[in-house]
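Chemist: After the structure tokens below, expect a handful of questions from me.
The values are calculated or read from the model by the stated rules, or taken from the named source; none is laboratory data. On a predicted model such as this, the values are computed, not experimentally measured, just so you know. Cβ sites come from the backbone with ideal geometry, for glycine too, and all protein chains shown count toward neighbours. Ligands, DNA and RNA are stripped out before the accessible areas are found, and what is left, the full protein with its side chains, is counted by its heavy atoms. Shrake-Rupley method; radii C 1.70, N 1.55, O 1.52, S 1.80 Å.
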Amino acid sequence: MNVSIAEVDYKEVMEYSRDPLIIHTDYKVLYINHAAEKFFRSNKESMIGASPLDIFQESSKDAISRRIQSAYGKPADVIEETVFRMDGTRVEVELYCHPVKFGDTKAIQTYVWDITSRKETEKNQHDMNEEINELSATIVPLIDDVAVLPLRGKIDQDKAMTLLDLIPCKVKDRNVNRLIIDFSGVYTLDRMVIDYLFKITNVLSLLGVHSIISGIRPELAVEAIEVGIDLSTIPTVATVKEALAQIGMTLQEQNES
């Protein structure tokens, strides 16, 4: 079958696109597709004829206006912006626009992509990295080659994996040979996380670092046993004070020998 691209109904293609699309010229909206109606929580009748600048913050309008003018000649770069839906809610979006002919009219077609989820993921990742950096930085040196790593709050799988990467390096950088890992401030763990945290002790052992776990709650100990972690291979005590006493006793025994 020999079909020319000119025979394709471009307006139909736009209407069924899952990307919100707006066509505008001279700061007036000529057309929006169904996805744009849904995204902006509006309808064609309300938006056609309106200015595309209306969806932007006042502080952005001058820059957007210049961007629109430049897009009549060539496609504009993708940018991130904050826009407003018709109900007043703010949305973080990516915008891409390029010149297009709408009938005989030279116009601009703008794509609007909601990046709210991506931004939330980026923020969560940033917050997690901040927490991880703070945690790994709180390896508290005590005496000689002894230090304490106080864990606290909610530790999820991503955080546990990052700790597994960071803690051995931090410990070796600080010439720590005995590390007390204190769980007393941890209130939420799942089975996968428990497994990762105990892997830290295995890695430390391979590096010649002796680990003692303190403050692990009974329910966490039960979870560890249920996932097959052998706690008998790792010294566990109730408090950091007891861990220090155990280390002191071990050092005394070594000195006596």
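Chemist: Of all residues in the range 26-41, which are in contact (Cβ under 8 Å) with a residue 40 or more places away in the chain and either open to solvent by 60 Å² or more (accessible area, probe 1.4 Å) or farther than 14 Å from VAL100 by Cβ (or both)?
Modeler: Selection gives TYR27, ALA36, PHE39, PHE40, ARG41.
Chemist: Right, next: Here are the criteria: (1) at pLDDT below 95; (2) within 31 Å of the chain's Cα centre (by Cα). Tell me which single one GLU45 does not satisfy.
Modeler: (2)
Chemist: Report the residue count in the range 205-235 for those that are at pLDDT 85 or above and either open to solvent by 80 Å² or more (accessible area, probe 1.4 Å) or not in a helix (DSSP H, G or I) (or both).
Modeler: Counting residues in the range 205-235 that are at pLDDT 85 or above and either open to solvent by 80 Å² or more (accessible area, probe 1.4 Å) or not in a helix (DSSP H, G or I) (or both) gives 10.
Chemist: Given the conditions (1) free of Cβ contacts under 8 Å to residues at least 40 places away in the same chain; (2) of a type in the set (Phe, Trp, Tyr); (3) closer than 15 Å to HIS24 by Cα, report the number of the one that PHE84 does not fulfil.
Modeler: (3)
Chemist: Something else now. Need pairs with beta-carbon distance below 7 Å; first residue closer than 10 Å to CYS97 by Cβ and within the range 57-72, second open to solvent by 40 Å² or more (accessible area, probe 1.4 Å) and among the basic types (Lys, Arg); sequence gap 6+ or separate chains.
Modeler: Every condition considered, the pairs that remain are TYR72/LYS106.
Chemist: Also, I was wondering about something else. When LEU179 is evaluated against the numbered criteria (1) over 18 Å from ILE143 (Cα atoms); (2) part of a strand (DSSP E or B); (3) of a type in the set (A, V, I, L, M, F, W, C), which criterion, by number, is the only one it fails?
Modeler: Going through the list (1) over 18 Å from ILE143 (Cα atoms); (2) part of a strand (DSSP E or B); (3) of a type in the set (A, V, I, L, M, F, W, C), LEU179 breaks only (1).
Chemist: Pick from the range 129-158 the residues that are closer than 30 Å to VAL93 by Cα and open to solvent by 20 Å² or more (accessible area, probe 1.4 Å): which of them is modelled with the highest pLDDT?
Modeler: The qualifying residue modelled with the highest pLDDT is GLN157.
Chemist: Just checking, does the range 159-174 include any residue being assigned by the TED database to the domain that holds THR239, out of contact with any Leu (no Cβ under 8 Å at 6 or more places or on another chain), surrounded by fewer than 16 Cβ atoms within 10 Å (Cβ to Cβ) and not in a helix (DSSP H, G or I)?
Modeler: Yes, the conditions are met somewhere in the range 159-174.
Chemist: For residues that are part of a helix (DSSP H, G or I) and touching a Phe, Trp or Tyr at 6+ places or on another chain (Cβ under 9 Å), tally how many sit in the range 147-158.
Modeler: The number of residues fulfilling the criteria is 1.
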